[in-house]
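Asker: Got a structure for you, written out below as structure tokens; questions coming shortly.
The values are calculated or read from the model by the stated rules, or taken from the named source; none is laboratory data. Small disclaimer: the values here were computed from a predicted structure and weren't measured. Counting neighbours? That spans all protein chains shown, and the Cβs are built from the backbone with ideal geometry, glycine included. Accessible surface areas use protein heavy atoms only, side chains included; no ligands, DNA or RNA. Shrake-Rupley method; radii C 1.70, N 1.55, O 1.52, S 1.80 Å.
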Amino acid sequence: PLIWAQGFTGKGIKVAIVDTGIDPNHPDLVGRVLAMADFSGDGPIDNHGHGTHCAGTTGGSGAASGGRYKGVAPECSFLSAKVLDASGYGLDGDVIAGIEWAIQQGAQVINLSLGDDGSCDGTDALSVACDAAVKKGVVLCVAAGNAGPAHSSVGAPACARLVITIGATDKMDQVPGFSSRGPTADGRIKPDLCFPGVSIVSCRANRTA
């Protein structure tokens, strides 16, 4: 609310959700999904639900809840790159293609709430592609992963050097056991920040659980 009061609501900002797609008809998101592309071979509509949930957390308007549940940037616009199928899985190559498409569409921010298991040093193809996007002026926010509490459990692309890697916190402002920890395989500190990531209320895609 403090940031919103200063006029920062995401208006005029294109945010790409590179995930399972977005339900463009959800009341919180309707009219704000500028473009959709499918790289999963499963069709562009979100038939899993994760991508729509991420979109709502990012910028849901609150319309479906009478304004109670809003995303961080409730006036942003969305680009939807579907790179994960109905089961929530996909290939690194498809994720890279989704990132490149988002850049071509003018994305200023890209959200990647996905990743590979296993520690990494940032030299894999997906991490390199993310760093290349940042060098073009795009802000990339990447989930640290759900492989905690073991040390060195941050995988690709969360281990990329230039992205903002986000771990989770719970209602008590503690890091929950599932949230992946650093350091990276080459000894760098990750994640960069931790944000609320437990019991988050957000948008549900049509016909998903």
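Asker: State all residues of segment 137-155 that are assigned to a strand (DSSP E or B) and either open to solvent by less than 10 Å² (accessible area, probe 1.4 Å) or β-branched (V, I, T) (or both); if no residue qualifies, say none. If you could, list the steps in order and put the result at the bottom.
Answerer: Residues of segment 137-155 that are assigned to a strand (DSSP E or B), as a first pass: 139-143.
Hits for segment 137-155 are V139, L140, V142.
Asker: Here is a list of conditions, (1) part of a loop (DSSP other than H, G, I, E, B); (2) hydroxyl-bearing (S, T, Y); (3) open to solvent by less than 60 Å² (accessible area, probe 1.4 Å), and S199 meets all of them except one; can you say which number that is?
Answerer: S199 satisfies every listed condition except (3).
Asker: For segment 1-40, what are the residues that are under 24 Å from I96 (Cβ atoms) and open to solvent by 80 Å² or more (accessible area, probe 1.4 Å)?
Answerer: L34
Asker: Give the residue, chosen from I110, I96, that is crowded, with 17+ Cβ neighbours inside 10 Å and over 18 Å from V15 (Cβ atoms). Show your work before the answer.
Answerer: Details: I110 fails: over 18 Å from V15 (Cβ atoms).
After ruling out the rest, the residue left standing is I96.
Asker: Please indicate, with yes or no, whether at least one residue in segment 56-69 is buried (at least 18 other Cβ atoms within 10 Å of the Cβ) and charged (D, E, K, R).
Answerer: No, that holds for no residue.
Asker: In this structure, is T208 in a loop (DSSP other than H, G, I, E, B), touching a Cys at 6+ places or on another chain (Cβ under 6 Å) and either touching a residue at least 40 places away in the same chain (Cβ under 8 Å) or within 18 Å of C54 (Cα to Cα) (or both)?
Answerer: no
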